[in-house]
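Enquirer: Got a structure for you, questions after.
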Amino acid sequence: MESETKDLPQKRGPQRPLDTFDRKILAAMTADARQTYAEMGRAAGLSAPAVHERVKRLKASGALAGTTARIDGAAVGKPFLAFVHVDAEGWGKSQRMMRLNAFPEVEEMHSVAGDTCVIVKVRTASAQALEQFLSQVFVLPGVRGTKSFVVLSTYLERPVQAEVTGEWPAVPLPPE
């Protein structure tokens with residue numbers, strides 16, 4: 001089992017808790033990572049050098065995992081989005097499943113609890129390309145089946161948000 005999972009990403013240990021300034025900096029970077037430290041500082045209420053130091057700490061702690069560009073799938077020839085649930089024997093998050101990350105169409109892979117082992121977010125050129133991807137999934141040892149959920153419209157797609165809901169609103173029960 002260890003040989004199958006030795007190269008998988010591991011969770012980081014405990015880190016310094018984020019404070020309000022850290023969260024404001026991360027929120028500003030999420031909105032537009034091209035901002036200068038001075039611009040982020042105005043949003044967070046800090047000086048540019050203070051923001052620079054905090055960004056360095058956020059990177060070192062792993063809270064800021066990197067800075068990436070958000071690409072429009074249709075603009076690069078991949079307008080077809082699907083979530084593929086993979087049912088496999090044993091533990092789904094293994095080296096055999098990780099072979100799928102060789103395909104640039106795979107955007108996310110999640111080991112999950114429930115009726116399936118792994119959920120894969122896939123963005124392809126067409127339904128036919130998704131079918132070709134699925135043929136690659138089915139040749140993996142231990143794969144028993146898949147369920148594909150094709151996206152018709154996307155209402156919200158965003159990166160991880162730095163803010164945390166402090167108090168959830170009470171949801172009234174519907175009338176009888």
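Enquirer: State the number of residues belonging to segment 72-98 that are modelled with pLDDT of 90 or more and assigned to a helix (DSSP H, G or I).
Expert: 3
Enquirer: For the structure I just gave you, tell me whether residue 69 is in a loop (DSSP other than H, G, I, E, B), of a type in the set (A, V, I, L, M) and farther than 30 Å from residue 25 by Cα.
Expert: It is false that residue 69 is in a loop (DSSP other than H, G, I, E, B), of a type in the set (A, V, I, L, M) and farther than 30 Å from residue 25 by Cα.
Enquirer: List pairs: first in segment 41-62 and surrounded by fewer than 13 Cβ atoms within 10 Å (Cβ to Cβ), second not in a helix (DSSP H, G or I), Cβ under 6 Å, 6+ apart or cross-chain?
Expert: Partner pairs satisfying both residue conditions: 62/12.
Enquirer: Go through (1) of a type outside the set (A, V, I, L, M); (2) more than 22 Å from residue 159 (Cα to Cα); (3) modelled with pLDDT of 90 or more for residue 115 and report which single condition fails.
Expert: With (1) of a type outside the set (A, V, I, L, M); (2) more than 22 Å from residue 159 (Cα to Cα); (3) modelled with pLDDT of 90 or more applied to residue 115, the lone miss is (3).
Residue by residue, here is whether (1) part of a strand (DSSP E or B); (2) of a type in the set (Val, Ile, Thr); (3) in contact with a His (Cβ under 9 Å, 6 or more places away or on another chain) holds:
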{"position": "122", "(1), (2), (3)": "yes, yes, no"}
{"position": "128", "(1), (2), (3)": "no, no, no"}
{"position": "131", "(1), (2), (3)": "no, no, no"}
{"position": "149", "(1), (2), (3)": "yes, no, yes"}
{"position": "156", "(1), (2), (3)": "no, no, no"}
{"position": "161", "(1), (2), (3)": "no, no, no"}
{"position": "167", "(1), (2), (3)": "no, no, no"}
{"position": "173", "(1), (2), (3)": "no, no, no"}
{"position": "176", "(1), (2), (3)": "no, no, no"}
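Enquirer: Could you check segment 64-95 and list, in sequence order, the residues that are hydroxyl-bearing (Ser, Thr, Tyr) and surrounded by 19 or more Cβ atoms within 10 Å (Cβ to Cβ)?
Expert: 94
Enquirer: Within the set of pairs 6+ apart or on separate chains, which have a first residue in segment 65-83 that is closer than 30 Å to residue 22 by Cα, a second that is among the hydrophobic types (A, V, I, L, M, F, W, C), and C-beta atoms under 6 Å apart?
Expert: 67/33
The values are calculated or read from the model by the stated rules, or taken from the named source; none is laboratory data. Remember, it's a predicted structure, so these values are computed and weren't measured experimentally. Glycine gets a Cβ as well: all are built from the backbone with ideal geometry, and neighbour counts include every protein chain shown.
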